[in-house]
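FYI, it's all coordinate maths here, none of it is from the lab. Being a predicted model, the structure only gives us computed values, none of them experimental. So basically every Cβ, Gly included, is an ideal-geometry build from the backbone, and we count neighbours across all protein chains shown.
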Amino acid sequence: MSFPASAPVLPDARRALAVFAHPDDVDFGCAGTVAGWVDEGIDVAYLIVTRGDSGGFDNTPRDELPARREAEQRAAAAAVGVHRVDFLDGHPDGLLAPGPELRRQIAAAIRRFRPDRVLTSSPLRRWEILTGPSHPDHLAVGEATTCAVYPDSRNRFAFPELLAEGLEPWVVREIWYAGGPAPDHVVDVTDRVDRKIAAMRAHHSQTAHLDVETWVHNLLGTIASNAGLPAGRLAEAFTVLRTE
């Protein structure tokens with residue numbers, strides 16, 4: 001199973017909401033692209049479902065890790081020019097499912113921020129890569145976010161309690177999927193790679209063991225090369241679907 005071909009990108013997007021499972025997900029996959037959106041004047045916000053309490057590669061006590069990873073995500077966001085970072089509560093890292101409560105919380109965030117564009121992880125598993133993009137939390141958040149985009153956030157009869165909170169229905173016009181099979185919309189991020197690297201390094205609990213600069217140049221160089229970009233260019237890749 002794969003996505004259809006990407007749609008032309010909205011030329012007039014003004015607000016974008018990135019919804020991901022863990023602190024660092026958006027930065028590993030999308031930070032260069034997000035930096036470009038910020039440069040274009042798009043107002044970008046992050047919604048992170050967990051605080052990544054099951055992650056980490058050092059001896060940080062487990063009870064200290066959520067606060068540390070939240071602080072890391074805020075620093076990483078600032079490195080690419082994003083200053084609104086919200087976290088959901090009550091969702092354990094590693095056990096996410098696209099159930100009604102998660103859908104309701106994401107729909108509420110969409111109605112609150114009212115984005116033209118939503119960026120999230122793919123709900124489709126890549127069988128050739130059972131790690132990384134196919135982490136079950138990533139798939140769950142991709143599915144829950146897709147359901148929140150349609151029908152939940154636009155249907156006034158879905159989660160009617162949101163109306164009592166003053167959250168009127170909102171139609172997201174476009175969704176970008178990261179990490180899915182056969183992404184065909186390629187974004188050249190060469191001129192913003194330093195900010196991506198800085199964002200990834202801000203997640204010290206996750207990347208201290210990693211040569212971040214080499215990792216980024218190898219992966220993004222391969223994406224760019226596969227897309228036919230000139231030698232030396234770096235890129236991130238997505239699937240873009242219209243949702244109006």
Dipole in debye (nearest 20) - the chain, about Cα centre, beta carbon charges: Lys, Arg +1; Asp, Glu -1: 460 debye
Net charge over other residues, Cβ less than 9 angstrom from the Cβ of Ile42 (K, R count +1; D, E count -1): -1
Cα gyration tensor category, rounded, prolate or oblate, for segment 28-184 with a/c compared to 1.5: rounded
Longest site-free stretch - the chain; sites: trypsin sites (Lys or Arg not before Pro), DSSP loop, at most 14 other Cβ within 10 Å: 63-155
222 nm mean residue ellipticity, helices alone, for the chain (DSSP H n ≥ 4; -39,500 (n - 2.57); rounded to 500): -11000 deg cm²/dmol
Estimated FRET transfer efficiency when R0 is 25 angstrom, pair Arg62-Ala208 (beta carbons, to 0.05): 0.90
Estimated inter-spin distance, Trp215 and Ser54, nm [label 7 Å along Cα→Cβ]: 1.9 nm
Centre separation in Å (Cα based) which lies between segment 157-195 and segment 30-82: 16 Å
